[in-house]
Amino acid sequence: MSGARAQLRMRWPVGRTPPENHAPVGYALRLYREGDQAAYLDLMRRSGLAEWTVPELEGLLPGTLSQGFFVIEHGASGALAATAQARRSFHAAHPGGSEIGWVAADPDHAGRGLGLIVTSAAVRRSLALGYVDVFLLTDDWRTPAIRTYLRMGFEPIVEDDDARGRWATIRDGLVADRTATPR
């Protein structure tokens, strides 16, 4: 048995409209464009999500839906502060679906709702292109991202005892975080 756990899955409820959010003052939501490679790779590294090379990044681009690669740019620095992609599904449980993937935010820009903004934009794009099965994959340790996904309206997919237990642990941790007394 491998030590790596399968990622948890969440689905966007059919018929639900994602929240429409606008970037805060000083930030701009836009599409990824040629010339963003270095800034994007830096964002992924700073977020702790991935350490990629330009060829690895370019290998992901064909799976991205048309106009489905979003970034938020910080105006003062020009740095990319958050990102999400609407992608064609390559997951066996979601043939013909759209995966919301590679959601990341720079910790230096935390607390501004940037992850919610890019995720919502990616969901909106998937729905606009006619996708009904919109889902995402996440890891147990990505608690801030999971909190955002739940707040948006994503629903955990619980199809076995392992997922049930993992989601219960996450739920208990989120409740404990909310009820913790500030020091």
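When Tyr131 is tested against (1) in a helix (DSSP H, G or I); (2) modelled with pLDDT of 90 or more; (3) more than 20 Å from Ala81 (Cα to Cα), exactly one condition is not met: (1). If you go through region 68-99 and keep only what is more than 16 Å from the chain's Cα centre (by Cα) and of a type in the set (S, T, N, Q), you end up with just Ser77. Residues that are assigned to a helix (DSSP H, G or I) and either closer than 14 Å to Arg151 by Cα or in contact with a Leu (Cβ under 8 Å, 6 or more places away or on another chain) (or both) within region 107-122 comprise Leu114, Gly115, Leu116, Ile117, Val118, Thr119, Ser120, Ala121, listed in sequence order.
Looking only at residues in region 113-145 that are of a type in the set (Gly, Ala, Ser) and under 17 Å from Leu49 (Cα atoms), which one is surrounded by the fewest Cβ atoms within 10 Å (Cβ to Cβ)? Checking each candidate, the answer is Ala145.
In the set Gly59, Gly15, only one residue is farther than 21 Å from Asp106 by Cα and assigned to a helix (DSSP H, G or I); that residue is Gly59.
Applying the selection to region 152-166, what residues are in a helix (DSSP H, G or I), more than 13 Å from Arg5 (Cα to Cα) and touching a residue at least 24 places away in the same chain (Cβ under 8 Å)? Across region 152-166, the qualifying residue is only Met152.
Within the set Ala93, Ala110, the sole residue that is touching an Asp or Glu at 6+ places or on another chain (Cβ under 9 Å) and surrounded by fewer than 18 Cβ atoms within 10 Å (Cβ to Cβ) turns out to be Ala93.
The values are calculated or read from the model by the stated rules, or taken from the named source; none is laboratory data. These numbers were taken from a predicted model, which means no experiment stands behind them. All Cβ positions, glycine included, derive from the backbone under ideal geometry; neighbour counts span all protein chains shown.
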